[in-house]
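I have placed the structure first, in the form of structure tokens, so that the comments after it can refer back to it.
The values are calculated or read from the model by the stated rules, or taken from the named source; none is laboratory data. Not measured: the values here are computed from a predicted model. Cβ placement follows ideal geometry from the backbone for every residue including glycine, while neighbour counts extend to all protein chains displayed.
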Amino acid sequence: MPRGTIAAMTTDTTGTAARDDEPRPGGPADSPFVRACRRRPGPHTPVWFMRQAGRSLPEYREIRANVAMLESCRRPELVTEITLQPVRRHGVDAAILFSDIVVPVAAAGIDLDIVPGTGPVVAEPVRTAADVDRIRPIGRDEVSYVDEAVRMLVGELGGTPLIGFAGAPFTLASYLVEGGPSRTHARTKALMYGDPDLWHALAGRLADVTLSFLRVQVDAGVSAVQLFDSWAGALSEADYRRFVLPHSARVLAGLADAGVPRIHFGVGTAELLGAMGEAGADVVGVDWRTPLDVATRRVGPERAVQGNLDPAVLLSPWPVVEAEVRRILEQGRAAPGHVFNLGHGVLPETDPDVLTRVVALVHDLSVRAADRG
């Protein structure tokens, strides 16, 4: 049975029978964020920010001092504190687990490190069948620190939903094949085109790892999950459908019975939005390049959208920020459900007070719009 539902038919204090599939009032499953993901009306447009857990917060930089990124992801108490920081400071409508997309592949046996200023660096890139075989299955035991952190956070957050996340197979494969970040993804594409069987073996193995990682988070209590395919925008729609969609769809389909909304996000994916929706998400994240009303037409009325303020706008004077927030909220009204967010992650140089003001503005403007009908 999905989390946040009543286990059996009960009777409320008025004597009215309550259905067993209704979310508990005031719980995460009845929050503005989850309601928007489910395309249900709520009291206001919910807002959270990708990379809100860290990046711009001085308290984050202080607590992370002298702790390597991968190590910080493996300390449940530290993960809990960092995840809670933006909820306390900004009043966002959802928390997102502090982690990194390479955490599960490290747990699966890949020797890698997250190098400051560079990103994930893989000691031995994955380019042969033998390399693929080095990627082991994972379960709760391999990422017990994530399970523990999620359980701690659910207890701390109360009615605020927690979003779990993972990297999508294509983006993870790109890091593993390239050996680190890449602007062209040339080696990745060469493997896809030159050895499709090996590519699908790799992507399939990573889909298994990703699904297992998300299942651990769902079982521990997250209220939603987000699948990040950060580099999918490097592909044509035809290549996406052939080489990527089946594996992302497998991950999302594997969570169909989990009872939590599934969000699918990529960067530079304007021409892929329809296909990404077909992969099985309940919500499609949209970067800043595509207006939300256009994105809504592409993903269809059966999916909500998330986005899509350009993170760089937050560095502008407040009147510019306010005007952009108003524009995005207006365009988001075309969607059956809208979660306000950035079109990518918070930039490190962002003033945290601006994020706090954006949250308050989104709430205020959306409440006023709802009052006007």
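Among the conditions (1) in contact (Cβ under 8 Å) with a residue 24 or more places away in the chain; (2) closer than 22 Å to Pro169 by Cβ, the only one that Val284 does not satisfy is (1). Given the range 292-373, what helices (runs of 4 or more DSSP H) lie entirely inside it while holding 3 or more residues that are over 23 Å from the mean Cα position of the chain (by Cα)? By residue number, 318-332, 352-372. Just one of (1) surrounded by fewer than 21 Cβ atoms within 10 Å (Cβ to Cβ); (2) under 17 Å from Gln217 (Cα atoms); (3) in contact (Cβ under 8 Å) with a residue 60 or more places away in the chain fails for Val132. It is (2).
In the range 212-222 there is at least one residue that is farther than 30 Å from Ala238 by Cβ and either at pLDDT below 95 or part of a loop (DSSP other than H, G, I, E, B) (or both). Annotation: of all residues in the range 135-146 being surrounded by fewer than 19 Cβ atoms within 10 Å (Cβ to Cβ) and either outside any helix (DSSP H, G or I) or among the hydroxyl-bearing types (Ser, Thr, Tyr) (or both), the one that is farthest from the chain's Cα centre (by Cα) is Arg136.
Does Met69 meet the test of being over 22 Å from Met152 (Cβ atoms) and either modelled with pLDDT of 95 or more or not basic (Lys, Arg) (or both)? The answer is no for Met69.
Each residue in the range 324-373 was checked for being free of Cβ contacts under 8 Å to residues at least 24 places away in the same chain and either in contact with a strand residue (DSSP E or B) (Cβ under 8 Å, 6 or more places away or on another chain) or under 12 Å from Trp48 (Cα atoms) (or both), and 1 pass. Residues of the range 111-136 that are of a type in the set (A, V, I, L, M, F, W, C) and either closer than 23 Å to Arg64 by Cβ or in contact with an Asp or Glu (Cβ under 6 Å, 6 or more places away or on another chain) (or both): Leu112, Ile114, Val115, Val121, Val122, Ala123.
Just checking, does the range 98-109 include any residue being in a loop (DSSP other than H, G, I, E, B) and over 20 Å from the mean Cα position of the chain (by Cα)? Looking through the range 98-109, at least one residue is in a loop (DSSP other than H, G, I, E, B) and over 20 Å from the mean Cα position of the chain (by Cα). Going residue by residue through the range 195-209, is there one that turns out to be in a helix (DSSP H, G or I), crowded, with 23+ Cβ neighbours inside 10 Å and in contact with a Ser or Thr (Cβ under 6 Å, 6 or more places away or on another chain)? No: the range 195-209 contains no residue that is in a helix (DSSP H, G or I), crowded, with 23+ Cβ neighbours inside 10 Å and in contact with a Ser or Thr (Cβ under 6 Å, 6 or more places away or on another chain).
Evaluating Pro120 against the criteria (1) surrounded by 14 or more Cβ atoms within 10 Å (Cβ to Cβ); (2) not in a strand (DSSP E or B); (3) not hydroxyl-bearing (Ser, Thr, Tyr) leaves one unmet condition, (2). Taking the range 38-83 as the range and being outside any loop (DSSP other than H, G, I, E, B), over 18 Å from Pro348 (Cβ atoms) and either out of contact with any Phe, Trp or Tyr (no Cβ under 9 Å at 6 or more places or on another chain) or among the small types (Gly, Ala, Ser) (or both) as the test, the residues that pass are Leu70, Glu71, Glu77. Scanning the range 224-258 for residues that are assigned to a loop (DSSP other than H, G, I, E, B) and either of a type in the set (A, V, I, L, M) or in contact with a strand residue (DSSP E or B) (Cβ under 9 Å, 6 or more places away or on another chain) (or both) yields Ser230, Trp231, Leu235, Leu255, Ala256, Ala258. Of all the listed residues (Ala173, Ala149), the sole one being closer than 30 Å to Pro46 by Cα and either in a helix (DSSP H, G or I) or more than 23 Å from the chain's Cα centre (by Cα) (or both) is Ala149. Cβ-Cβ contacts under 9 Å between residues 6 or more apart (or on different chains), taken from a first residue in the range 255-280 that is more than 12 Å from Leu235 (Cβ to Cβ) and touching a residue at least 60 places away in the same chain (Cβ under 8 Å) to a second residue that is among the charged types (D, E, K, R) and assigned to a helix (DSSP H, G or I), are listed as Ala258/Arg215; Ala258/Asp219.
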